[in-house]
Amino acid sequence: MRGLYLRLYRKLVALALLVGWSQPMLAQEAAKRLTLMQYVMQERPVLAELITKSGLTPILSGDAPYTMLAPPEAALEELKNLPPVRIRAVLSGHILEGLYQEKDFKDGATLETLAHTNVTVCRKKDYTLLDGVRIGGEHTQAKNGVVHSLSGKLDL
């Protein structure tokens with residue numbers, strides 16, 4: 001299945017080059033056709049490994065909308081040796097039920113994660129913080145949600 005998506009992606013890239021589209025725009029459009037899990041598998045290998053190990057794959061592969069707050073791959077490396085139950089607890093603390101674009105995060109709001117922990121939003125003029133961790137510049141829309149890159153890992 002992954003090979004099929006990879007071939008489709010390559011064909012879309014070739015088409016984009018032929019018609020003069022920019023590759024980032026094409027990548028964003030292609031991501032909208034993938035579930036959160038399929039996107040993570042293609043773009044975030046460490047995160048994909050941890051999601052699989054923790055048993056969260058069915059949640060991020062379904063039709064229900066979720067927002068993934070994705071820490072940098074380097075920050076996730078330290079989780080690899082933890083037991084699956086602990087990995088699930090940490091990653092569930094980085095997933096929100098529902099679809100949240102960055103503009104939807106309201107200053108002072110408290111959001112409940114899949115782990116039933118709370119994340120507090122702090123809006124600044126040019127950026128947003130979730131429990132003091134900055135949402136990065138990359139926001140990827142998927143078929144069943146959105147992935148926001150974080151500058152670090154949320155403390156849970």
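Read-outs: derived from the displayed coordinates by stated rules, not from any lab. Bear in mind the structure is a predicted one, so any value in this text is a computation, not a measurement. Don't worry about glycine lacking a Cβ; one is built from the backbone with ideal geometry, like all the others, and counts go over all protein chains shown.
Quick rundown of the values:
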| read-out | value |
| --- | --- |
| Residues that are farther than 22 Å from Thr128 by Cα and among the polar types (S, T, N, Q), drawn from segment 39-91 | Gln42, Thr52, Ser54, Thr57, Ser61, Asn81 |
| Any strands (runs of 3 or more DSSP E) falling wholly within segment 90-149 and containing at least 3 residues that are surrounded by 15 or more Cβ atoms within 10 Å (Cβ to Cβ) | 95-97, 118-123, 128-130, 133-142 |
| Test: residue in segment 93-107 that is closer than 19 Å to Val40 by Cβ, in contact with a Gly (Cβ under 8 Å, 6 or more places away or on another chain), β-branched (Val, Ile, Thr) and touching a residue at least 12 places away in the same chain (Cβ under 8 Å) | no |
